[in-house]
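Visitor: Supplied in structure tokens, the structure appears directly below.
The values are calculated or read from the model by the stated rules, or taken from the named source; none is laboratory data. Computed from a predicted model, the values in this text were never measured in an experiment. Please note: Cβ atoms are built from the backbone with ideal geometry, for glycine as well, and neighbour counts cover all protein chains shown. Note: accessible area is taken over every heavy atom of the protein model, side chains too, but ligands, DNA and RNA are not part of it. Shrake-Rupley method; radii C 1.70, N 1.55, O 1.52, S 1.80 Å.
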Amino acid sequence: MPETIRIHADAAPGTHSVVGACPHDCPDTCSLITTVQDGVAVKVQGNPNHPQTDGVLCTKVARYTERTYHPERLLQPLRRSGPKGSGQFTPVSWDEALADIAQRLQSIVADPQRGPQAVLPYSYAGTMGWVQGEAMADRFFNRMGASLLERTICASAGSTAMGATLGGQVGMRVEFFAESKLIIIWGSNPIGSNLHFWRYAQAAKRNGAKLICIDPRKTETAEKCHEHIALRPGTDAALALALMQQLIVHDWLDHDYIARHTLGWQALRERALQWTPERAAVVCGIPVAQIESLARGYGASVASREPAAIRLNYGMQRARGGGNAVRAVACLPALIGAWRHRAGGMLLSASGTHVFDESALSRPDLRAAGPSRSVNMSTIGDELQRPASASFGPQIDALIVYNSNPVAVAPDSGKVVQGFGREDLFTVVLEHFQTDTADYADYILPATTQLEHWDVHTTYGHTDILLNRPAIAPVGKACTNTDIFRALAQAMGYSEPCFADDDLALCQMAFDARVDFAQLLEHGFVSLSLPEAPFAEGGFATPSGKCEFFSARLAASNGDGLPDYLPNYEPADANSSYPLAMISPPARNFMNSTFANVKSLRAIEGEPLLEISAADAATRRIESGDMVRVFNGRGQYHCKASVSPRARQGVVNGLGVWWRKLGPKGTNVNEVTGQQLTDMGRAPTFYDCAVEVEKSPSLE
């Protein structure tokens, strides 16, 4: 690759430190300090000068140098030399790879039977950075006129629900949880996935706060809370509606806040009154007394004026009624006036608070006028096998994958593998390692890690903006995502000046004058100036300016503007062929499929694991350490069983996401998850999955 498009970090002799930012899909978005000795990164640690990070990193990112200098790191372009999926490749030069990729893309774009919409980008949160994420990539695909990707695989059900209820991805500032007197941790395991929030929760606990965890699994967090409510997967809306019913019946309500700052109260009241604790207990599989106690504790905030807070996470939205569930929970703080306090209310995501100019980076104006096809990333298994039609448009004939590993992480992975295995599908993968997805590529292009490039990061767990400086020069022949898309644009003949913008310029144009970029350069982070209690006097960003219990927008799209409970697609009936509900929470030392190939972290996790209750194990003659087969009508995967109190009866926990190639028989947990979508946001239903489990007699 031409040297002119390479980023060079300071490789001066001696030891120095560089301030950066963690790129991974985590609410904490930590500020990093990388120690560099003679041009080599020798240590990554948390920045003690950044209040949110406070010098502390998770185990995964603390070992980031092990990932950057991993012996299996991709350091040169590779071209496929064997069958799709075989993982057989031959090294080629950058010039050769770029020329062939451009020629093959141009032939598709120019073909009147296919055209640019036969090309699909596929990416997600392999980096959360705006520059190495979508900036130059979006410009490239907009200029081409490629199909658009609906990036739904994680958060779109919840974000749609929050937009309909509060007006956006907004909520409490995370640091004020330290002052709360009741914290409900709902669908989240912050010890494993939101460490810095957990530190605030612990501070609150030391000051007398009660911590309650609502989760089907008895997580590490649930063990440390005062109470664990182990409801069935997909029943969160029923629990939230029953809490409303108790607040109404006992008049634990802030009538003034409801009257002045909410919309649709009478209609919500009528629906909630139908949800007695007895009804919800049957649906959720929990004791009536537990529902009544939770409501009593939450409602006590009205009289005591002590703040009650909810930390919601995305686990609960991964079922058919996930959007409605988030809506129901998001209504609760307004009922008791929790928003009056800076330490009251709720937080799912803070991403809506950030000052960011996405269009300046992505340049949608480059796209020619006319309709653009959108393809949902969560149904990629079906989409890759869909033939051309009047309704769908051209068959997908080229796929450019970056910042994602869909063969491992997308649902119904048996179909995903079939789609990626098409010999007529031209696939290019930008990667650090030869992942499951990379095995199916025609070309693999080596990308830089976070220690090797510029980037800027907004966050969804706190309200700071962070800058990442390159600490070292790119290892081997690795190049930044931005450089790769610049070079592809040049090879395709795209001459617009925007393709010459360098990475530092992209970092700067991401924000307007409200962000002091000089301060960002100097310190590595900037704290936004925001109100401490954003909705103390209403002011929601909804059309009405109120917390919308009833949403006219949702009523117009799905016929019901109120939150409701929707049963799972797959209710895991004890009398059915697949009587166990399965959820697939992340293994503590992986980040989705990232870090699964770091040996020290994989050694901690051991091997793919299924947690199963003692009662469910006994009826199947399964003991801890046995190999088991987990199966349903979509497929099967093998793993080791752990008879564990972490699993409630009727629910098994398939910890993920392991690379398929690292699991027994070359599959992982997504072999059995489905492509059905949520009630809103068109998101996947990973936790709406019924299975059966049996002892595996042999893996021969």
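Visitor: Rounded to the nearest whole Å², what accessible area per residue is found for the chain with the 1.4 Å probe?
Guide: Ligands and nucleic acids excluded, the figure is 35 Å² per residue.
Visitor: Given a 1.4 Å probe and heavy atoms of the protein chains only, how would you sort 436, 256, 111, largest accessible area at the top?
Guide: Per-residue accessible area, sorted high to low, gives 256, 111, 436.
Visitor: What does the accessible area of residue 662 come to, in Å² to the nearest 10, when a probe of 1.4 Å is used?
Guide: Counting only protein heavy atoms, residue 662 exposes about 60 Å² to solvent.
Visitor: Ordered by packing density, taken as the mean number of other Cβ atoms within 10 Å over each peptide's residues, highest first, how do 554-562, 145-153 rank?
Guide: Going by the mean number of other Cβ atoms within 10 Å, highest first, we get 145-153, 554-562.
Visitor: Follow-up question, since we're still on this one. For the stretch 233-363, what's the radius of gyration and Dmax over Cα atoms, in angstrom?
Guide: 16.1, 55
Visitor: In deg cm²/dmol, rounded to 500, what helix-only [θ] at 222 nm does the chain give when every DSSP H run of at least 4 residues adds -39500 (n - 2.57) and the total is split over its residues?
Guide: -8000 deg cm²/dmol
Visitor: Output the Kirkwood hydrodynamic radius of the stretch 574-700, Cα pairs only, in Å rounded to one decimal.
Guide: 14.8
Visitor: Report P(r) for the stretch 41-120: all Cα-Cα distances, bin width 10 Å, range 0 to the bin holding the largest distance, values in whole percent.
Guide: Here the calculated profile for the stretch 41-120 is 14, 23, 23, 19, 18, 3.
Visitor: Once neighbouring chains are kept in place and the probe is 1.4 Å, which whole percent of the accessible area of the chain is contributed by carbon and sulfur?
Guide: About 50 percent, which is the carbon plus sulfur part of the accessible surface.
Visitor: Under 5 Å between amide hydrogens, which residues at least 5 positions from residue 431 or on another chain qualify, with H placed 1.01 Å from N in the peptide plane?
Guide: Answer set, sorted by chain and number: 445, 447.
Visitor: Let me ask something else about it. On a 21 Å Cα-Cα criterion, which of the cross-link pairs 415/661; 84/415; 43/661; 181/224 come out too long?
Guide: In this structure, 43/661 lie more than 21 Å apart at Cα.
Visitor: What does the highest-first list of 62-69, 570-577 look like by mean Cβ count within 10 Å?
Guide: 62-69, 570-577
Visitor: Taking the Cα centroid of the stretch 305-381 and of the stretch 207-222, what is the distance between the two, rounded to the nearest whole Å?
Guide: Using only Cα atoms, the two centres lie 23 Å from each other.
Visitor: Taking the structure as given and computing percent of Cα pairs over 37 Å apart, which label from [x] 48; [y] 38; [z] 52 fits?
Guide: Read-out from the structure maps to [y].
Visitor: List the pair-distance distribution P(r) of the stretch 346-448, using every Cα-Cα distance, as the percent of pairs falling in each 5 Å bin from 0 up to the bin containing the longest distance, rounded to whole percents.
Guide: The calculated distribution, bin by bin, is 2, 11, 17, 17, 16, 16, 13, 6, 2, 0.
Visitor: Can you pull the accessible area of residue 578 for me, 1.4 Å probe, Å² to the nearest 10?
Guide: Roughly 70 Å² of residue 578 is accessible to a 1.4 Å probe.
Visitor: Additional query: In whole angstrom, how long is each semi-axis of the equivalent ellipsoid of the stretch 158-286, when you take the square root of 5 times every eigenvalue of its Cα gyration tensor and sort them from largest down?
Guide: After scaling each eigenvalue by five and taking roots: 26, 20, 15 Å.
Visitor: Antiparallel as a % of all DSSP beta bridges within the chain, to the nearest 5?
Guide: Just about 50 percent of them are antiparallel.
Visitor: Need one number: convex hull volume per residue for the stretch 16-173, Cα atoms only, in Å³.
Guide: 192
Visitor: Among 599, 695, 546, what's the order by accessible area (1.4 angstrom probe), most exposed first?
Guide: 599, 695, 546
Visitor: Ignoring ligands, DNA and RNA, how do 537, 452, 220 rank by accessible area with a 1.4 Å probe, largest first?
Guide: From most exposed to least exposed: 537, 220, 452.
Visitor: Could you pull the accessible area for residue 228 with a 1.4 Å probe, rounded to 10 Å²?
Guide: 40
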